[in-house]
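A short worksheet on the structure shown next.
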Amino acid sequence: MARGGGELIREHMSGKFIIPREELMHPGHSACPGCGEPIAMRLLLKALGPRTVMNVPAGCCAVIPGVWPRYSLKIPLIDHAFECTGATSSGIRAALDAKGMNDITVVGWAGDGGTVDIGLQSLSGAIDRGTDFLYVMYDNEAYMNTGSQCSGSTPWGAWTTTTPGGNEISHRTGKKRILEMLVENGISYAATVNIAFPEDLIKRAQIAQSIRGPKFLHILSPCPSGWKMDPSKTVEVAKLATQTGMFPLYEYRDSQYQFTEEIKDRKPVEEYLRLQRRFRHLSPTQISEIQNLVDNRLRELDARMEASRK
Amino acid sequence: MIDALTANQAAAIAAKLARIEVAAVYPITPQTTISEMMAEMVSRGELDARFMLMESEHSAMSALIGASYVGARTFTATSSHGLALMHEVLMWASGVRRPIVMPVAARTIGGPWNIWGEHMDVITERDVGWMQFYCENNQEVLDTVLMAYKVSEDPSVMLPAMVVIDGFILTHTVDAVSVPEQHLVDEYLPSFNPDPVLNIDDPRRFGGLIMPDWWTEFRYRIALDMEGAKKRIQEADAEFGKIFGRNYGGLVENYRTDDADVVLVIAGSAAGTAKEVVDHLRDEGLRVGVARMRVFRPFPSEEIAELNSKDVIGVFDRSYTFGDGGAMFNEVRSAMHGSDNIIKNYVGGLGGRDVTAAHIEWIFRNMLDILDNGLDRKIEWVGLRDGSGRW
Amino acid sequence: MYETYRDLPPIQITTESTKGNQTGTWRTFRPVIDLDKCDRCYTCWIFCPDVSIIVEEEGDYPSIDLIHCKGCGICANDCGPGAITMEREPL
Ligand SMILES: Cc1ncc(C[n+]2csc(CCOP(=O)(O)OP(=O)(O)O)c2C)c(N)n1
Ligand code: SF4
Ligand code: SF4
Ligand SMILES: [Mg+2]
């Protein structure tokens, strides 16, 4: 298992940078304390370097970079409407190509609601157009900027202001399988990554950058306010998401699926759930239901990997 | 060179002459043939542009906003439901000052379904910060696309423009069009070099969050620059005349209005019919004229106010804003506020119904009747099957 | 820097960095590093969401940018040897 979270300490030499040193983010941005989004953004930019142009829709991602005339990133950034991240990336890429600026990485950076729900069409279109860009979905598992409403990426059973609990929770199927949907759409490369595994995140981002065509990264990005947890737990919770199988790390590359992080000694989901008060209302039966969902999902993923190798 | 072209062909050729660098297309009747012609020109190598097949009009406009920031001259065309779907990003385009030029094949918006021409789609978008040019014929479509780029990209304007083409009436009918030579177009329309532009070595954020402390000032700048665009349009029209030998009279084209007692304000292709009717009624000695509203945004308030001395003003709306009268009517009336002339609204030509010479003649005779007998009613739906036998 | 609408850039672009925002004022707990315990693994530097752990060169001990640190406590939570503690800011 690669180094994740506080475990970093046990393995590597002291006094060495294990991620790129170059800093493409300023302090003083507007994220809530302990937000996963700026961690994800900072790691991604370290991976991609300064010849990157980014576009962002509505969402916390539009608030975090700051209020005009101040700005927190050291790359050009274009803001746009909520549902058109893929389309705007296509346009930026087309114009860069028209101007002969082919060495620039174009990144569409959007939240989960902006991706799996309202932005799905334009992302699908960008893949179909073969736009050479990297689409990154930072997944905080709800519409957070509007105050924690359920999105198509909210896990089954989680409290949000529009899933306050009760009967309705059973009417949802849980997180949309966005990565698999995009693979079927024809994406060139896709991976799930996690801020708690920074070296892996950087590696996947750089692989994506090296491939031409549409690429996709799905980053788990805990939200202390929406997940109702202590802001100091952001990395710990993110790490548990992978260690419990709630958020498995895998990639799709060269027509094959593979795990990028083997989950040995998988921990029970309860360890993950109990750190977040968005799951506090769940009964023991509902928790074991979630455990079942995760077990099934991992079996399904295993089968998918097996099948893709044939 | 004189060619027999539909207005849609004229619009596509104008885009090519303007050397657009990025195009985004999505089909909708009666715009589709513009998109198809763009595709053909690119595939034949006649047009060196990045050509994007979009999955919706909303995406088409969003893609162009991105491309425009990088400094590319951009083009798309739409109509009707496509324009309505764009509504949100039309406001983005103007709000972040992208000088995108877009022909719109003016059409109904459902429901129920109707694919034919009227101005409801474009009138609905009158408040989104786009300039709006209404064309009378195919030649004017070609010329106006070029003029629109010239005005939109002017550093003092930096606002997008719609070039309104009456659905089917112009989009699908062939007319003689003089296609200007490329070197003359290049002389008229220099390449697009916006400042600021997206620069990888000087990273900035474009269009990010802005608080109440400065929002008003940025909006005021748009209001000022839209107002200033009036002068730029007149200049662009005059310069066009110098280079190409034809121009259109700026924002409003006055046709035999000098000594007219009654004047009809009208936009789009129906103005052509109206001018013919004026000639014919003038032969009878009737003092009638036409003010063709060529530009509706920015609103030509000074030009309209100059008609204050006319005793009766009719305003023809090819759309209806459900409320109290057509949009053009209400805006003309407010530009004439304080004058004591009579202003009447004529609504017609909806959903593909012809605006015939007989209709226009009825309108003029009605206005002359009002001149003698006073206003009969404020709003008249011309050609309405009301059983009155009036038309 | 801008006084009236006339001074504004023609289109709305940013002209400053967010460094001018003193987000340290949001803090209720302040991270304190005990350098004797620090292993220089730089976990805190890797995960700080606010770019507020400063390590200039490899080998340096981390220090904290208290102008910007929001006091989230991630650095303290994830520090392997427990070199960082969160101390209540005086009221
Ligand atoms: C068309 C449209 N509908 C709704 C909104 C309101 N809105 C703004 S941000 C947001 C939530 C974004 O959620 P997500 O994409 O998951 O990003 P997050 O805020 O969670 O980071 C919503 C619903 C909008 N801006 N545009
Ligand atoms: S609401 Fe959540 S995702 Fe948004 S800035 Fe705050 S912590 Fe981050
Ligand atoms: S408390 Fe949070 S913001 Fe402050 S230095 Fe530690 S990780 Fe960074
Ligand atoms: Mg979200």
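The values are calculated or read from the model by the stated rules, or taken from the named source; none is laboratory data. This is a predicted model, so every value here is computed, not measured. FYI the Cβ positions are ideal-geometry reconstructions off the backbone, even for glycines, and counts take in every protein chain you see.
From A:Pro214, A:Pro198, A:Pro222, grab the single residue that is within 16 Å of ligand 4 (Cβ to nearest atom) and surrounded by 23 or more Cβ atoms within 10 Å (Cβ to Cβ). Write out each step before concluding.
Details: A:Pro214 fails: within 16 Å of ligand 4 (Cβ to nearest atom); A:Pro198 fails: within 16 Å of ligand 4 (Cβ to nearest atom).
The match here is A:Pro222.
Scanning region B:139-160 for residues that are among the hydrophobic types (A, V, I, L, M, F, W, C) and assigned to a loop (DSSP other than H, G, I, E, B) gives B:Val157, B:Met158, B:Leu159.
Kindly evaluate B:Thr273 against the criterion of being of a type outside the set (Asp, Glu), within 21 Å of the chain's Cα centre (by Cα) and surrounded by 16 or more Cβ atoms within 10 Å (Cβ to Cβ). Explain how you work it out, then say what you get.
On the way: of a type outside the set (Asp, Glu): yes; within 21 Å of the chain's Cα centre (by Cα): yes; surrounded by 16 or more Cβ atoms within 10 Å (Cβ to Cβ): yes.
Yes: the conditions hold for B:Thr273.
Within region A:123-147, the residues that satisfy the criterion of being crowded, with 24+ Cβ neighbours inside 10 Å and closer than 17 Å to A:Phe82 by Cβ are A:Leu123, A:Gly125, A:Ala126, A:Tyr135, A:Val136, A:Met137, A:Tyr138, A:Asp139, A:Asn140, A:Ala142, A:Tyr143, A:Met144.
In the set (1) near ligand 3 (Cβ under 9 Å from one of its atoms); (2) more than 7 Å from chain A (Cβ to nearest Cβ), C:His68 fails one condition alone, (2).
Every condition in (1) at negative phi; (2) surrounded by fewer than 23 Cβ atoms within 10 Å (Cβ to Cβ); (3) free of Cβ contacts under 8 Å to residues at least 12 places away in the same chain is met by A:Ala95 except one, and the failing one is (2). On inspection, A:Gly130 does not qualify as in a loop (DSSP other than H, G, I, E, B), more than 9 Å from ligand 1 (Cβ to nearest atom) and either modelled with pLDDT under 95 or farther than 27 Å from B:Val70 by Cβ (or both).
Can you confirm whether region A:225-237 contains a residue that is more than 16 Å from ligand 3 (Cβ to nearest atom), touching a residue at least 60 places away in the same chain (Cβ under 8 Å) and not in a helix (DSSP H, G or I)? Yes, that holds for at least one residue. Could you tell me whether any residue of region C:73-81 is within 16 Å of ligand 3 (Cβ to nearest atom), of a type in the set (Gly, Ala, Ser) and touching a Phe, Trp or Tyr at 6+ places or on another chain (Cβ under 9 Å)? Checking region C:73-81: at least one residue is within 16 Å of ligand 3 (Cβ to nearest atom), of a type in the set (Gly, Ala, Ser) and touching a Phe, Trp or Tyr at 6+ places or on another chain (Cβ under 9 Å). What about B:Val278, is it at pLDDT 95 or above and assigned to a helix (DSSP H, G or I)? So B:Val278 passes the test. Figure legend. Inter-residue proximity from region C:31-53: first residues within 18 Å of A:Phe197 (Cα to Cα), second residues within 16 Å of ligand 1 (Cβ to nearest atom) and of a type in the set (Ser, Thr, Tyr), beta-carbon distance below 7 Å, spacing 6+ or different chains. No pairs are indicated. The residues on offer are C:Lys37, C:Lys70, and the sole one that is in contact with an Asp or Glu (Cβ under 8 Å, 6 or more places away or on another chain) and basic (Lys, Arg) is C:Lys70. Residues of region A:238-254 that are in contact (Cβ under 8 Å) with a residue 60 or more places away in the chain and either touching a Pro at 6+ places or on another chain (Cβ under 9 Å) or assigned to a loop (DSSP other than H, G, I, E, B) (or both): A:Ala238, A:Thr242, A:Met246. Looking at B:Phe364, B:Phe322, B:Phe329, just one residue is surrounded by 20 or more Cβ atoms within 10 Å (Cβ to Cβ) and out of contact with any helix residue (DSSP H, G or I) (no Cβ under 8 Å at 6 or more places or on another chain), and that residue is B:Phe329. With respect to the conditions (1) away from ligand 3 (no atom under 16 Å from the Cβ); (2) within 19 Å of A:Asp112 (Cβ to Cβ), A:Ile211 falls short on a single one, namely (2). Taken together, B:Met38, B:Met86, B:Met61, B:Met91 contain a single residue that is more than 7 Å from every other protein chain (Cβ to nearest Cβ) and surrounded by fewer than 24 Cβ atoms within 10 Å (Cβ to Cβ), which is B:Met91.
If the condition is being surrounded by 24 or more Cβ atoms within 10 Å (Cβ to Cβ) and within 16 Å of ligand 1 (Cβ to nearest atom), then region A:11-30 contributes only A:His29.
Working carefully through the options A:Pro69, A:Pro76, A:Pro65, A:Pro33, find the one that is at the interface with chain C (Cβ under 9 Å from one of its Cβ atoms) and either in contact with a Pro (Cβ under 8 Å, 6 or more places away or on another chain) or among the small types (Gly, Ala, Ser) (or both). Break it down stepwise before answering.
Working: A:Pro69 fails: either in contact with a Pro (Cβ under 8 Å, 6 or more places away or on another chain) or among the small types (Gly, Ala, Ser) (or both); A:Pro76 fails: at the interface with chain C (Cβ under 9 Å from one of its Cβ atoms); A:Pro65 fails: either in contact with a Pro (Cβ under 8 Å, 6 or more places away or on another chain) or among the small types (Gly, Ala, Ser) (or both).
That would be A:Pro33, the only listed residue that is at the interface with chain C (Cβ under 9 Å from one of its Cβ atoms) and either in contact with a Pro (Cβ under 8 Å, 6 or more places away or on another chain) or among the small types (Gly, Ala, Ser) (or both).
When A:Gly59, A:Gly5, A:Gly86, A:Gly36 are screened for being within 16 Å of ligand 3 (Cβ to nearest atom), buried (at least 24 other Cβ atoms within 10 Å of the Cβ), at pLDDT 95 or above and of a type in the set (Gly, Ala, Ser), only A:Gly36 passes. Tallying residues that are outside any loop (DSSP other than H, G, I, E, B), over 17 Å from the mean Cα position of the chain (by Cα), within 14 Å of ligand 2 (Cβ to nearest atom) and not hydrophobic (A, V, I, L, M, F, W, C) within region A:61-115 yields 0. Figure legend. Inter-residue proximity from region A:12-33: first residues farther than 24 Å from A:Asn145 by Cα and within 16 Å of ligand 3 (Cβ to nearest atom), second residues basic (Lys, Arg) and assigned to a loop (DSSP other than H, G, I, E, B), beta-carbon distance below 8 Å, spacing 6+ or different chains. Indicated pairs: A:Glu23/A:Lys74.
Against the condition part of a loop (DSSP other than H, G, I, E, B) and over 29 Å from B:Asn138 (Cβ atoms), how does B:Gly285 come out, does it pass? Answer is yes for this residue. Which ones in region C:1-41 are facing chain A (nearest Cβ under 7 Å) and under 14 Å from the mean Cα position of the chain (by Cα)? Result: C:Thr18, C:Lys19, C:Gly20, C:Asn21, C:Thr23, C:Trp26.
When A:Thr285, A:Thr260, A:Thr242 are screened for being away from ligand 2 (no atom under 16 Å from the Cβ), surrounded by 23 or more Cβ atoms within 10 Å (Cβ to Cβ) and away from chain C (no Cβ under 14 Å), only A:Thr242 passes.
Just to be sure before I move on: is B:Glu217 surrounded by fewer than 17 Cβ atoms within 10 Å (Cβ to Cβ), assigned to a helix (DSSP H, G or I) and in contact with a Ser or Thr (Cβ under 9 Å, 6 or more places away or on another chain) in the structure I sent? Yes.
Show the residue pairs that are 6+ apart or on different chains and have beta-carbon atoms under 9 Å apart, the first residue being within region A:40-58 and within 9 Å of chain B (Cβ to nearest Cβ) and without any contact (Cβ under 8 Å) to a residue 40 or more places away in the chain, the second being within 16 Å of ligand 4 (Cβ to nearest atom) and part of a helix (DSSP H, G or I). As it stands, the answer is none, since no pair meets every condition given. Give the residues of region A:96-123 that are away from ligand 1 (no atom under 16 Å from the Cβ) and either in contact with a helix residue (DSSP H, G or I) (Cβ under 6 Å, 6 or more places away or on another chain) or modelled with pLDDT under 95 (or both), sorted by residue number. Within region A:96-123, A:Asn102, A:Ile104, A:Thr105, A:Val106 meet the criteria.
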